[in-house]
Amino acid sequence: MQPVVPLTSTPSADFVAPYFAPVRGTRVEARTPLILAAVLAPILIATLFLSPAGKLNWLLEVGPGLVGMAVLAATFRRFPMSRWVYVCVFLHVLVLTYGGYYTYALTPLGDWAKDTFHLSRNPYDRLGHFAQGFFPAFIIREVLLRATPLRRGGWLNFLTGSVALAISAVYELLEWWAALALDPAGGDAFLGTQGDIWDAQWDMFLALCGAIIAMAVFGRAHLRSVERLVTRAKLTST
């Protein structure tokens, strides 16, 4: 007969511990994000002041990326991210900056795709919202792996996708409120709906697709980057 485990018993450390050991930010880990930030800074400054769409539109489009960079910088000492994440943030901000410089509906790259593939609209905003799910998925996944008891598998993927979708939905609300408050007459230029009544739904769907593809295709590469981060931390501490 098996012994009865009391309901008040404390779970084992292995059961409740995060997947990876805690890591502290060091000068070695700071090199990659600092190099990427140094490359990004002149691009951001130049596009802000030279944007044909205006500084307000640039700030509305690129602002969320800048806030994300600030949060990563503020939390670096107690929770540095893998180098994979910093590269993804760098690429994501470039996507946002290109859209903010021209507005998403008027990007030359999108116009080229529209003419080449005989599309009904400039598709760059679709790419932007796919990226909105694709790149942040790695941040969400890494935080869940390193700060919660979640392990690799179904629940981790489900929660990562759910959070990515929730972020996209909140962003759609913020876009709507910002357009009404700051530019009610030209809100469509900022929102980039291009006359599509289902634009918000497409945006959220593509963000979810981006998160799913990120986990399915690049999940192992991201995990290896996290493992290398933890390994470097162990070597530094010994």
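The values are calculated or read from the model by the stated rules, or taken from the named source; none is laboratory data. Remember, predicted model here, so these are calculated numbers, not experimental data. In this analysis, Cβ positions are derived from the backbone assuming ideal geometry, glycine residues included, and neighbour counts consider all displayed protein chains. Each accessible area value is taken on the protein alone, full model and side chains, heavy atoms only, with ligands, DNA and RNA left out. Shrake-Rupley method; radii C 1.70, N 1.55, O 1.52, S 1.80 Å.
Of the residues screened, Trp198 is one that is open to solvent by 90 Å² or more (accessible area, probe 1.4 Å), over 21 Å from the mean Cα position of the chain (by Cα), under 30 Å from Leu174 (Cα atoms) and not β-branched (Val, Ile, Thr).
Does Ala185 satisfy the condition of being in a helix (DSSP H, G or I), among the hydrophobic types (A, V, I, L, M, F, W, C), over 21 Å from Trp202 (Cα atoms) and modelled with pLDDT under 90?
So Ala185 fails the test.
So which residues in segment 149-162 are under 13 Å from Met204 (Cβ atoms) and among the hydrophobic types (A, V, I, L, M, F, W, C)? If the condition is that a residue be under 13 Å from Met204 (Cβ atoms) and among the hydrophobic types (A, V, I, L, M, F, W, C), then no residue fits. Of the residues making up segment 216-238, those that are within 18 Å of Arg151 (Cβ to Cβ) and either open to solvent by 100 Å² or more (accessible area, probe 1.4 Å) or in contact with a strand residue (DSSP E or B) (Cβ under 6 Å, 6 or more places away or on another chain) (or both) are Arg220, Arg224.
Being surrounded by 21 or more Cβ atoms within 10 Å (Cβ to Cβ), under 21 Å from Val39 (Cα atoms), without any contact (Cβ under 8 Å) to a residue 40 or more places away in the chain and not aliphatic (A, V, I, L, M): is that true of Gly110 here? It would help to see each step written out before you state the result.
Numbers: surrounded by 21 or more Cβ atoms within 10 Å (Cβ to Cβ): yes; under 21 Å from Val39 (Cα atoms): no; without any contact (Cβ under 8 Å) to a residue 40 or more places away in the chain: yes; not aliphatic (A, V, I, L, M): yes.
In short, no.
Per the listing Val143, Val163, Val85, the residue uniquely open to solvent by less than 30 Å² (accessible area, probe 1.4 Å), within 16 Å of the chain's Cα centre (by Cα) and more than 27 Å from Ser51 (Cβ to Cβ) is Val85.
Condition first: modelled with pLDDT of 70 or more and exposed (fewer than 15 other Cβ atoms within 10 Å of the Cβ). Now tell me which residues in segment 170-182 satisfy that. Within segment 170-182, Val170, Leu173, Leu174, Trp176, Trp177, Leu180, Ala181 meet the criteria.
Considered as a group, the residues in segment 104-152 that are in a loop (DSSP other than H, G, I, E, B) and of a type in the set (A, V, I, L, M, F, W, C) include one that is modelled with the highest pLDDT, and that residue is Phe117.
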